[in-house]
Amino acid sequence: MAKILLRNAEILGQDGIVKSADIAIDGSVIFQVGEIPAAWQADKIIDCTDKLAVPGFVNTHTHAAMTLFRSYADDMMLMDWLQNKIWPAEGNLVAEDVYWGTLLAIAEMVKSGTTTFSDMYFHMPQVAKAVAESGIRAVLARGMAGVAPNAEQALIESEDFFHQYHNAADGRITVMLGPHAPYTCPPEYLKRVVSLAQRLEAEIHIHLSETVGEVDECKKKHGKSPIELMKDIGLFECGVLAAHCVHVSDHDIAIMKQANVRVSHNPGSNMKLASGIAPIPAMLSAGLCIGVGTDGAASNNNLDMLEELRLAAMLHKVHALDPLLIPAKTAVEMATINGAQALGLGKVTGRIEPGFKADITLFNMHAPHWYPRHDRISLLAYSAGAGDVHTVIVDGQILLDNRSLTTIDEEQVMYEANKRGIRLIK
């Protein structure tokens, strides 16, 4: 594989300090940061003058192919939106639709600086195909609903998908199990998911406590919160990525901390669907690992992680009337290293350090909104835009070169996605 030298970059380090240095990439990994040995010769050199190098963003929760429903059913209550619009339209999906919808999502994510995403959907072999071809890193889960007619088939497909794709695409694909939520997966079904997860040694990606109605219904039906129910079922023994966690109590948070539940915070989606504001400051104070996710493009409506980390930084300030909550550095960490840890990839990606995978985003700082440069992290969190993303490298491969995608035919993807998206809702 090629050797790439990023020369004279301004690098965001784990400590939050930005320093000027060179980055040597050897194959898929970062070989050195700082002074590069004279004997090490690069195949390609990228001049990073006026570029900020950051660990690629990690989108911890999305439904990639739901790009096909972007702008279709907005400004609705969550359950009305799901039951009367999204689920009927999804019933029209065929495997090839999911492939093109996922490629559209990947193109959007790469162009806005994301190098890893976590996806829960169906027709997952097509998602894996899009991931493998595009070069991005992904954690994939076949969504399962225990109340659906295909509940048994979903378990079988999830196991098959794990065996076929876990650690596929040169290790860029990780597979989790994806029970949708407690309100679509009864306890007995979830126990079967737990049993399968333990047999496969797989982790679990699930929606938890997203709305007040969901929590109230769970308490009415089971006499406990969704978090308490998941603990009693044994789900938290598997290693869990929990999306949303908007309506959780202090007791819930204590359970989550004890079980090392990792949380995907989706502020944009939670705001748009009026689901509420997750108690992220309390979770951080308790020591939970919090990543950031966009959710699907049907409920956000974009996959821009820069926008999401900015919302995470500002939403909690205004909610608590406290400007000290979620400072810029914390928000950026949630979108990078914390996100990697939330996906179980904390030793693989999320840092620009020797031995880590070469998953790097270069921001072009040569623009008016990057001046004056008092604080690069503040500028990244509060001033930068997705249009500033200049170069994106994943696993040592350049996926975006001077704003141009190198592995995806952008025009073809937009054409196919538009054609298919319109067909789905007719």
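If the requirement is being more than 25 Å from residue 115 (Cα to Cα) and surrounded by fewer than 23 Cβ atoms within 10 Å (Cβ to Cβ), which of these qualifies: 203, 210, 159?
Of 203, 210, 159, the one residue that is more than 25 Å from residue 115 (Cα to Cα) and surrounded by fewer than 23 Cβ atoms within 10 Å (Cβ to Cβ) is 159.
Would it be correct to say that residue 330 is part of a helix (DSSP H, G or I), of a type outside the set (A, V, I, L, M, F, W, C) and either within 25 Å of residue 6 (Cα to Cα) or at pLDDT 95 or above (or both)? Step through it out loud before you land on a result.
Details: part of a helix (DSSP H, G or I): yes; of a type outside the set (A, V, I, L, M, F, W, C): yes; either within 25 Å of residue 6 (Cα to Cα) or at pLDDT 95 or above (or both): yes.
Yes, satisfied.
Are there any pairs, at least 6 apart or on different chains, whose C-beta atoms fall under 6 Å, with the first in the stretch 51-69 and closer than 16 Å to residue 306 by Cβ and the second among the aromatic types (Phe, Trp, Tyr) and buried (at least 24 other Cβ atoms within 10 Å of the Cβ), and if so, which?
As it stands, the answer is 52/363; 59/117; 62/117, since those pairs meet every condition given.
I'd like the residue in the stretch 336-351 that is polar (S, T, N, Q) and not in a loop (DSSP other than H, G, I, E, B) and, out of all such residues, is surrounded by the most Cβ atoms within 10 Å (Cβ to Cβ).
338
Being within 18 Å of residue 202 (Cα to Cα) and touching a helix residue (DSSP H, G or I) at 6+ places or on another chain (Cβ under 8 Å) is the filter; apply it to the stretch 119-136 and report the residue that is modelled with the lowest pLDDT.
122
Before we move on, is residue 255 touching a residue at least 24 places away in the same chain (Cβ under 8 Å) and in a helix (DSSP H, G or I)? Walk me through it before giving the result.
Values: touching a residue at least 24 places away in the same chain (Cβ under 8 Å): yes; in a helix (DSSP H, G or I): yes.
So residue 255 passes the test.
Residue by residue, here is whether (1) β-branched (Val, Ile, Thr); (2) at pLDDT 90 or above; (3) crowded, with 20+ Cβ neighbours inside 10 Å holds:
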| site | (1), (2), (3) |
| --- | --- |
| 33 | yes, yes, yes |
| 36 | yes, yes, no |
| 45 | yes, yes, no |
| 67 | yes, yes, yes |
| 77 | no, no, no |
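Give me the pairs: first residue in the stretch 403-417 and closer than 13 Å to residue 136 by Cβ, second residue crowded, with 19+ Cβ neighbours inside 10 Å and of a type in the set (S, T, N, Q), beta-carbon distance under 9 Å, and six or more apart or on different chains, which are they?
405/134; 406/397; 407/134; 407/397; 408/134
Given the structure, is residue 51 surrounded by fewer than 17 Cβ atoms within 10 Å (Cβ to Cβ) and on the phi < 0 side of the Ramachandran plot?
In short, no.
Picking from 418, 402, which residue would you name as being among the polar types (S, T, N, Q) and at positive phi?
Unique residue meeting the criteria: 402.
I'm checking my understanding of the structure. Among residues of the stretch 204-239 that are free of Cβ contacts under 8 Å to residues at least 24 places away in the same chain and part of a loop (DSSP other than H, G, I, E, B), which one is farthest from residue 165 (Cα to Cα)?
For the stretch 204-239, the residue satisfying everything is 223.
Whether any residue in the stretch 174-190 is surrounded by fewer than 24 Cβ atoms within 10 Å (Cβ to Cβ), under 11 Å from residue 235 (Cα atoms) and either touching a residue at least 60 places away in the same chain (Cβ under 8 Å) or in contact with a strand residue (DSSP E or B) (Cβ under 7 Å, 6 or more places away or on another chain) (or both) is what I want to check.
yes
Can you find, within the stretch 188-214, the residue that is modelled with the lowest pLDDT among those that are within 25 Å of residue 79 (Cα to Cα) and among the small types (Gly, Ala, Ser)?
For the stretch 188-214, the residue satisfying everything is 213.
Can you tell me which of (1) surrounded by 23 or more Cβ atoms within 10 Å (Cβ to Cβ); (2) over 16 Å from the mean Cα position of the chain (by Cα) is the one residue 92 doesn't meet?
Unmet condition: (1).
The values are calculated or read from the model by the stated rules, or taken from the named source; none is laboratory data. From a predicted model like this one, the values you see are computed outputs, not experimental measurements. A quick note on method: Cβ atoms are made from the backbone with ideal geometry, for glycine too, and the neighbour counts reach across all protein chains shown.
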